[in-house]
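Reviewing the structure listed below.
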């Protein structure tokens, strides 16, 4: 599906793209089921992995990978492995975030968290297995029709985003920041690692897997992805305060209970909303150049900023 590079998109285009998003969600769901089913060595491990992944997630990161492939003129099929890999990493991170030693959450998407359903040891192993499966697919899957040079770039991109230079570093900073007062720069830096790094990797892997993205396009997409990750986190902080548990599928006000620094604790609800609007505008500005077919990415940006869960 090609959407003209016009910003902003109108309501008719958004409605049309909403239907396309459902098709892409269904597509990545099938891909995830197929690759998880291939884990045959331990039935209980496979069941825990499937429980953590196939539980009604929004599939935002895969959708960003598909839209980024489209933005540089590629096709959706080329981005299947990129889409699956980033979602496996995301699912692993949620399992570990929910553990008693971390956020100690009992609910995830309205269901008992993986360690509640399967026990803590099995949940840890399921997270480990999802992480390594993501890199196995990038390294070996015949469905990723690209040369070894691009595969290596994709593996490096996801590794940086997932580990000590990205998501894990952000999680460590989050733990250390509990009870502390962070200024806007420090809070933004923390979330650019904890949340934004994997969102950025989703966009970059989607573009890289096409083999046709120019460096100028990649630079614009990286800037867009960084702003989109920030918008996601600001909205998440607002939802933690404003949304009910029955809607979000996780406990309302958990960040406040854990005394975590958030955009709402720093700026209040009104100030956080203002910063969300400003960040969305900055993300859109990044899409206006580089010959990108950008409306798909823009639609996802607005879904992120306007979501209710």
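Given R0 = 35 Å, the distance between the Cβ atoms of residue 34 and residue 307 translates into a calculated FRET efficiency of 0.80.
Computed over the stretch 37-190, the convex hull of the alpha-carbon atoms projects to a mean area of 10.6 nm².
Summary value for the chain: 24 percent relative contact order, contacts being C-alpha pairs under 8 angstrom separated by 6+ residues.
Ordering 51-58, 84-91, 65-72 by mean Cβ neighbour count within 10 Å, with the highest value first, yields 65-72, 84-91, 51-58. What's the center-to-center distance, using Cα atoms, between the stretch 68-102 and the stretch 156-224 in Å? Value for the Cα centre distance between the two parts: 13 Å.
For the options 77, 140, 29, a Gaussian network treatment of the chain with springs between C-alpha atoms closer than 10 Å singles out 140 as fluctuating the most. Eigenvalues of the alpha-carbon gyration tensor of the chain, scaled by 5 and square-rooted, set the equivalent ellipsoid semi-axes at 27, 26, 18 angstrom, largest first.
Laboratory data are not the source of any read-out in this text; all were calculated from the coordinates shown. Given the structure is predicted, the values throughout are model-derived calculations rather than measurements. So basically every Cβ, Gly included, is an ideal-geometry build from the backbone, and we count neighbours across all protein chains shown.
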